[in-house]
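A.B. asks: Following this message is one structure expressed as structure tokens.
The values are calculated or read from the model by the stated rules, or taken from the named source; none is laboratory data. Model, not experiment: these values are computed from the prediction. Don't worry about glycine lacking a Cβ; one is built from the backbone with ideal geometry, like all the others, and counts go over all protein chains shown.
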Ligand SMILES: *Cc1c(COP(=O)(O)O)cnc(C)c1O
């Protein structure tokens, strides 16, 4: 299989090239040049994530240098559970818990898979690979965890000092070794500007091979499709009906993976995108006018995106607004509604949501009764609530127990370098 730019179908790349480059040379995003067809019958006998992922991804790796390594990549990246837990006291609904990886959020799937791929592609290179990541909180931790201890790769994470939560900062600064955390005197936008400037700097490019691991890399989307395949097959085998998904959404990477799995032919029905107060996509679906804007800060901060980059991939798949508006629906959830939902579902269901997952729970509660009862529904839980104690604990009036993997990271000593928001300072670190 080849991959093409969303902006020019003649700009083709192999999977390995697309993984290395991240962005296509014309600034477009890589998408598969065609989708294989697989309705589910081909997964006979497979129910664990590893077995399902190896089969689902085989056509996407076909003909690439990494093809033979796919089973090993899957084994290495997906070494934690993905439970599909029935929601108590509900019509047919279940929660797909994507937060059992090392940093307790779904970004671990994409980051670990991409790390396993890039590590192999870079095994015999002469210069070490340096992954530069600007993060507003969650992505940096997942990328750092995924690359930590990997030979031939160095990770440099830039985050805005004082603007990430204490637990997020702990997950950015606990690594050491081949992971360097830079606390930048500036905003997230300053961090992103510095990373872009570093990529454009010829002196740096001469010294190091720089790469990014951001969410537009196709190597983060493909692994995310696998848990949708898993959940839809499990639901199909249990009920004989397609699963409907509700996905907390920001940059649209998570939901795009579900759209791809459905396009391939897996039994997936309705797709509801749950947004916080950043309503660029809901407004587009309602009006057909694409109006990206600045993001607004919300309790579900990992979804604070005003100009979602993966929209380009969605619109590539559904160029006509009406088609896209039929393919997915959306809801907008305010901070007040997030708080209320966390309180209510704790009391009524004994369920503790993180602020992001709460948007999906709210979307589920808002479904018309008949549609909810028709089911089966799957609520996608994107992070563990223990990552956001400042928000969640006052609402439920209790402490959220910290999962063991996260507790281990939080107990490690901090290793961090403070820099001003200048390219000279970043250059000195990379010297
Ligand atoms: C990144 C993130 C999201 C949003 O996912 P997208 O792929 O950007 O739509 C939702 N929840 C959590 C916890 C996240 O970290």
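A.B. asks: Can you work out which of the residues in the range 295-305 that are in a loop (DSSP other than H, G, I, E, B) and out of contact with any helix residue (DSSP H, G or I) (no Cβ under 6 Å at 6 or more places or on another chain) is nearest to the ligand (Cβ to nearest atom)?
C.D. replies: Checked the range 295-305; the qualifying residue nearest to the ligand (Cβ to nearest atom) is 305.
A.B. asks: Could you check the range 135-145 and list, in sequence order, the residues that are modelled with pLDDT under 90 and either within 10 Å of the ligand (Cβ to nearest atom) or over 13 Å from residue 302 (Cα atoms) (or both)?
C.D. replies: 136, 137, 138, 139
A.B. asks: Answer yes or no as to whether residue 149 is more than 14 Å from the ligand (Cβ to nearest atom) and either over 15 Å from residue 208 (Cα atoms) or buried (at least 24 other Cβ atoms within 10 Å of the Cβ) (or both).
C.D. replies: Working: more than 14 Å from the ligand (Cβ to nearest atom): yes; either over 15 Å from residue 208 (Cα atoms) or buried (at least 24 other Cβ atoms within 10 Å of the Cβ) (or both): yes.
When the stated conditions are applied, residue 149 passes them.
A.B. asks: Okay, moving on. Would you be able to say whether some residue in the range 200-218 is crowded, with 19+ Cβ neighbours inside 10 Å, within 14 Å of the ligand (Cβ to nearest atom), within 15 Å of residue 96 (Cβ to Cβ) and in contact (Cβ under 8 Å) with a residue 24 or more places away in the chain?
C.D. replies: Within the range 200-218, none of the residues are crowded, with 19+ Cβ neighbours inside 10 Å, within 14 Å of the ligand (Cβ to nearest atom), within 15 Å of residue 96 (Cβ to Cβ) and in contact (Cβ under 8 Å) with a residue 24 or more places away in the chain.
A.B. asks: Among the numbered criteria (1) closer than 30 Å to residue 205 by Cβ; (2) surrounded by fewer than 18 Cβ atoms within 10 Å (Cβ to Cβ), which one does residue 313 miss?
C.D. replies: Looking at each condition in turn, residue 313 falls short on (2).
A.B. asks: Look through the range 321-340, keep the residues that are surrounded by fewer than 18 Cβ atoms within 10 Å (Cβ to Cβ) and under 21 Å from the mean Cα position of the chain (by Cα), and return whichever of them is farthest from residue 247 (Cα to Cα).
C.D. replies: Taking the range 321-340 as the starting set, the residues that turn out to be surrounded by fewer than 18 Cβ atoms within 10 Å (Cβ to Cβ) are 321-323, 325-327, 329, 334-336, 339-340.
Then keep just the ones that are under 21 Å from the mean Cα position of the chain (by Cα); that gives 327, 329.
Values: 327: 14, 329: 11 Å.
My answer is 327.
A.B. asks: Another question, then. Mind listing whichever residues of the range 176-199 are without any contact (Cβ under 8 Å) to a residue 12 or more places away in the chain and closer than 24 Å to residue 149 by Cα?
C.D. replies: Listed by number, the list is empty, since nothing qualifies.
A.B. asks: Another one. Among the numbered criteria (1) under 22 Å from residue 301 (Cβ atoms); (2) free of Cβ contacts under 8 Å to residues at least 60 places away in the same chain; (3) not in a loop (DSSP other than H, G, I, E, B), which single criterion is violated by residue 162?
C.D. replies: Here residue 162 clears every test but (3).
A.B. asks: OK, next. So is residue 97 surrounded by fewer than 24 Cβ atoms within 10 Å (Cβ to Cβ) and within 16 Å of the ligand (Cβ to nearest atom) or not?
C.D. replies: Yes: the conditions hold for residue 97.
A.B. asks: Of the residues 402, 392, 380, which is under 26 Å from residue 304 (Cα atoms), surrounded by 13 or more Cβ atoms within 10 Å (Cβ to Cβ) and away from the ligand (no atom under 15 Å from the Cβ)?
C.D. replies: Working: 392 fails: away from the ligand (no atom under 15 Å from the Cβ); 380 fails: away from the ligand (no atom under 15 Å from the Cβ).
Among 402, 392, 380, only 402 is under 26 Å from residue 304 (Cα atoms), surrounded by 13 or more Cβ atoms within 10 Å (Cβ to Cβ) and away from the ligand (no atom under 15 Å from the Cβ).
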